[in-house]
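These notes are about the structure you will find just below.
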Amino acid sequence: MRPNPTLALEAENVLGSGPFSGFGNSETTLSVTQNLELWGRRSARIDVARAEAGAAMVRRDLAIVEAAGRLALTYAEAEAAQRRAELADESLSLTIEDARAALLLVEEGREPLLRGIQGESEAAAARAAADEARAERDAAFARLSAIAMLPISVTAIQVSLLDQTPLASRDQSDRPPAVRVAEAERAAAERRIDVERTQARPDISATIGVRRFEAEDATAFTFGVSLPLPLFDRNRGNIDAAQAEFRAADARLAGARQDARADRAAAEARLAASVSRVRAADAGVSSAEEAYRLSRIGFEAGRISQLELRVTRTALVAARAAAVDARLARVRAEIDLARQDGRAPFEGTQ
């Protein structure tokens, strides 16, 4: 938008003494003054405004990507907390079953009384762990409800994010959102230099008006041009400051490009490692389940001790917990890579 004109009303030779005691010899002028915005002032300020608007739009896109990643991570953490609570309940059930089996062997005289006491102690510890896991689950659900701004609190996770497999193909763009933001800010800083340079030139304003002469009962037009003389202030300081800001923005852009390449390589490596970790964790769960099944059969038959059964049960619980942690790590790696690509995590998979 162009600058607004200035409307002025002036009255001269009024309310004085002698012949100027009233309004009979007054001269009244109504004028309009408009800043002409010469020397490229208008185009320079429009260019810098457009550059700043473009930078704001890129920052908005980056904020959307970051918000999607934050929501996905909170969702995955809530799902992981739900699975840990389920694993804790299952571990409690297994511990109670093993304790009951140990008590039966104690009653039959095949195990000492100490084994029964140990079984009851393990069951009590498993109950405490289950209560803690349920509390963590409820806290994770509350965080998810708050971040997602849901009117009703989350009580269960129905659609799994931990089991989602990241896409194999990736956008190998050299301009991730952080780099695009730095580029837009550099462009805006460059445009500000032009604005400050135009400020050093005279700011010309034109005036047109009409003047009323009461004594002669006549009217005439007035014209005028005004401009400041750049004798002392030539805006040198602001130009130097704008150039320094441009150099700083250029350095930030170079740093953002270096960081983007390093971050992308790290994110790809973490994602590949997390995918392998998930496969290894799933294989470990299968082996631990089979080991516990065989050890339970052997324990009930009296061929292995309660200590060996406890070891295999502990290994099973740890393997299942490791599988949950591996999937959560895969989600985190996908979120990091999605941020580099400028997209939502798991975009296109669900």
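The values are calculated or read from the model by the stated rules, or taken from the named source; none is laboratory data. These numbers come from a predicted model, not from an experiment. Cβ atoms come from the backbone with ideal geometry, glycine included; neighbour counts cover every protein chain shown. Remember, those area values only see protein heavy atoms, side chains included, never the ligands or the DNA or RNA. Shrake-Rupley method; radii C 1.70, N 1.55, O 1.52, S 1.80 Å.
Here are some notes:
- Shape annotation for region 271-350: C-alpha extents along the principal axes are 60, 19, 16 Å, from largest to smallest.
- Region 118-222, relative contact order [Cα under 8 Å, separation at least 6], %: 10
- The figure for Leu7 is an accessible area of roughly 130 square angstrom, using a 1.4 Å probe on the protein chains alone.
- Short to long, the 5 Å bins of the Cα pair-distance histogram for region 202-350 hold 2, 7, 8, 8, 7, 6, 6, 6, 5, 5, 5, 4, 4, 4, 4, 3, 3, 3, 2, 2, 2, 1, 1, 1, 0, 0, 0 percent of all pairs.
- Dipole orientation for region 205-256: of the candidates Ala244, Ile208, Leu227, Ala244 has the Cα lying most toward the positive pole (charges on Cβ; Lys, Arg +1; Asp, Glu -1).
- Looking at region 172-289, the accessible area is 61 square angstrom per residue; that uses a 1.4 Å probe and ignores ligands, DNA and RNA.
- Helix 306-341 axis, angle to the chain major axis (alpha carbon atoms, nearest 10°): 20
- Surface per residue (accessible, 1.4 Å probe) for region 7-109, Å²: 55
- Gln243/Gln34 FRET efficiency (R0 45 Å; Cβ-Cβ; nearest 0.05): 0.90
- Entry note: the chain has Rg to Rh equal to 1.38, where both radii use alpha-carbon atoms and Rh is the Kirkwood radius.
- Evaluated with a Cβ-only charge set (Lys, Arg +1; Asp, Glu -1), region 249-350 carries a dipole of roughly 160 debye about its Cα centre, given to the nearest 20.
- Sorting Met149, Met1, Met57 by accessible area puts them as Met1, Met149, Met57; the probe is 1.4 Å, largest comes first, and only protein heavy atoms count.
- Residue (of Thr314, Ser286, Phe346) at the positive-pole extreme of region 246-350, dipole from beta-carbon charges: Thr314
- MRE, 222 nm, helices only [DSSP H, n ≥ 4, -39500 (n - 2.57), over the chain, to nearest 500]: -24000 deg cm²/dmol
- Estimated inter-spin distance, Ala148 and Ser305, nm [label 7 Å along Cα→Cβ]: 4.9
- Straightening the chain between Phe23 and Val225 buys 69.9 nm, computed as 0.36 nm per residue apart minus the Cα-Cα spacing.
- Remark: accessible surface ordering of Phe20, Phe246 (largest first) is Phe20, Phe246, probe radius 1.4 Å.
- Arg279 paired with Ala218, simple spin-label distance in nm, labels 7 Å along Cα-to-beta-carbon: 10.1
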